[in-house]
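The values are calculated or read from the model by the stated rules, or taken from the named source; none is laboratory data. Since the structure is predicted, the reported quantities are computational estimates derived from the model, not experimental observations. Cβ placement follows ideal geometry from the backbone for every residue including glycine, while neighbour counts extend to all protein chains displayed. Surface accessibility is based on the protein's heavy atoms, side chains included, excluding ligands, DNA and RNA. Shrake-Rupley method; radii C 1.70, N 1.55, O 1.52, S 1.80 Å.
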Amino acid sequence: MSSEVVITVKNLSKSYHIYEQPRDRLKQFVLPSLQGLVGMTRKRYYRDFWALRDISFEVRRGETIGVLGRNGSGKSTLLQMIAGTLTPSSGQVAIGGKITALLELGAGFNPEFTGRENVFLNAAIFGLQREQIEQKFEEIAAFADIGEFIEQPVKTYSSGMYARLAFAVATALDPEILVVDEILSVGDVFFQARCMRKLDEFRERGGTVFFVTHDTYSVERICTRAIVLDKGQKVFEGGTADAVNVYYKMSREEPTVAAASVVAGQKDIAAQSAAAIAMPAAEPVPVRRDHVVDDGTAYIEQVYVLNAHGESSLNYTVGEWLTVKLNVLFSADYDQIDFGVGIRDRSGTLIGGAHTFYSGNPVGPVRAGERRLLTARIKAELMPGEYLLIAGIAQHDSLQSYRECYGLYDFTAISITGNRKFWGAVRLPAEIEAAGAIAGVDVGQHAVEALSSTN
């Protein structure tokens with residue numbers, strides 16, 4: 001990494017005029033000038049919304065900087081001003097190199113042109129001669145990997161095909177600085193892996209990458225530093241692991257009115273259930289019921305997510321225990337029944353969890369009208385990130401044959417922060433052994449001879 005600064009952002013701010021109603025826009029355009037002419041105090045018919053306020057940082061050649069932040073934090077606004085497509089309200093941006101920006105899906109593409117024609121169009125916009133892009137076309141087509149669609153109008157492309165071609169063109173134009181919005185999130189996992197390798201190669205050649213994402217894995221995987229934005233202000237700049245922790249520790253949004261009503265309803269249920277089961281002292285979590293599978297024989301009334309101190313919490317550190325308690329009302333008799341609590345990643349993949357079927361200790365017998373408080377404890381041996389919780393009641397005949405009595409999917413999200421001391425996304429039981437050198441044997445030469453003898 002060079003010491004040369006290629007992006008300088010100093011006291012950068014961007015505000016927008018927000019009008020309460022359409023006619024206020026016309027009033028603002030006409031009336032203040034008239035008020036000034038007659039000596040009246042000029043009235044404003046808008047309020048200021050600051051998308052960014054007083055942002056400063058520097059980026060050096062060869063760095064890869066990730067920008068994290070929740071929706072509305074100002075990430076895309078910042079990228080647009082760095083790319084030069086948006087004018088700041090105040091402050092300065094200085095760029096010291098040839099910059100290529102991927103800010104919006106399909107930006108710069110003519111939808112009526114074929115993929116091939118758009119490659120040459122973009123190359124011309126960036127000042128490349130036709131002969132130069134002809135030499136690079138096969139490389140672009142191979143990276144985009146869209147087959148015969150390269151000869152079809154881009155208006156027929158899927159979002160993933162748009163992203164493939166846009167990224168292939170942008171990286172082939174020999175930029176010194178690559179600015180990327182969240183366009184890569186639309187590609188499949190294989191395309192994303194190729195992009196990661198391409199960005200690594202680009203940085204090794206001295207290129208600078210500045211990109212916005214919600215994907216904390218990408219930040220830790222390829223970035224040298226990270227910036228965290230919140231409500232238009234920079235709240236952190238530094239190491240990627242620390243940035244990820246700050247991102248997940250930022251205060252969550254206040255519960256909506258709907259969520260508050262859910263909590264109120266849960267309190268009523270808790271009062272009715274108190275005589276039947278001993279409820280935890282902590283508050284239950286607001287439960288999302290977007291995806292429920294049930295047969296009417298069981299109902300998860302409340303869910304408690306508790307830390308080691310018995311307090312309600314949705315934020316945990318790596319390796320910390322979390323306890324999930326389910327308040328379940330049964331509407332049928334069962335000699336035995338199973339329940340489980342699982343953790344899924346954002347793609348919907350089940351990472352793991354606790355389940356009575358796999359531990360061999362089902363619940364039962366239970367009777368219709370009975371309530372049970374079911375408890376699962378899980379150790380969060382996970383890489384830092386955000387995960388979804390699922391819970392379910394089921395009757396199992398075998399591993400493959402079971403009936404869901406009540407499945408509650410992605411009912412809440414938890415955040416894991418901190419530093420992991422294991423390799424990979426989860427901790428697996430493992431042993432490792434490093435033997436000493438074999439006396440009298442040149443291991444490297446021995447391996448070469450063994451390899452040669454098999455060919």
- request: Just subtract the alpha-carbon distance of ARG23 and VAL292 from 0.36 nm times their residue separation and send over the number in nm, one decimal.
  value: 92.3 nm
- request: Scan around GLU320 for amide H atoms under 5 Å from its own, H built in the peptide plane at 1.01 Å from N, and keep only partners 5 or more places away or cross-chain.
  value: ALA380
message: If you roll a 1.4 angstrom probe over the protein chains with everything in place, what fraction of the accessible area of the stretch 81-239 belongs to carbon and sulfur, to the nearest %?
response: 50 percent
field: the stretch 299-438 - charge dipole about Cα centre, Lys and Arg +1 at Cβ, Asp and Glu -1, debye rounded to 20
entry: 220 debye
- prompt: From the residues THR87, GLY97, GLN152, which one has its Cα farthest along the dipole of the stretch 70-170 in the positive direction, the dipole being from +1 and -1 charges on Cβ of Lys/Arg and Asp/Glu about the Cα centre?
  reply: THR87
query: Each label point is 7 Å from the Cα along the Cα-to-Cβ direction; what then is the distance between the points at ASN11 and TYR402, in nm?
result: 6.2 nm
- line: Largest-first ranking of ARG344, ARG205, ARG116, ARG44 by accessible area, probe 1.4 Å, whole protein assembly kept, is ARG205, ARG44, ARG116, ARG344
message: Given Cβ point charges of +1 (Lys, Arg) and -1 (Asp, Glu) and nothing else, what value in debye, to the nearest 20, does the dipole of the stretch 284-368 about its Cα centre take?
response: 200 debye
- line: Reported to the nearest 10 Å², ASP295 has, with a 1.4 Å probe, an accessible area equal to 60 Å²
query: Accessible surface of THR375 in the full protein assembly, 1.4 angstrom probe, to the nearest 10 Å²?
result: 60 Å²
message: Net charge around GLY69, counting only other residues with Cβ within less than 10 Å of its Cβ (Lys, Arg = +1; Asp, Glu = -1)?
response: +3
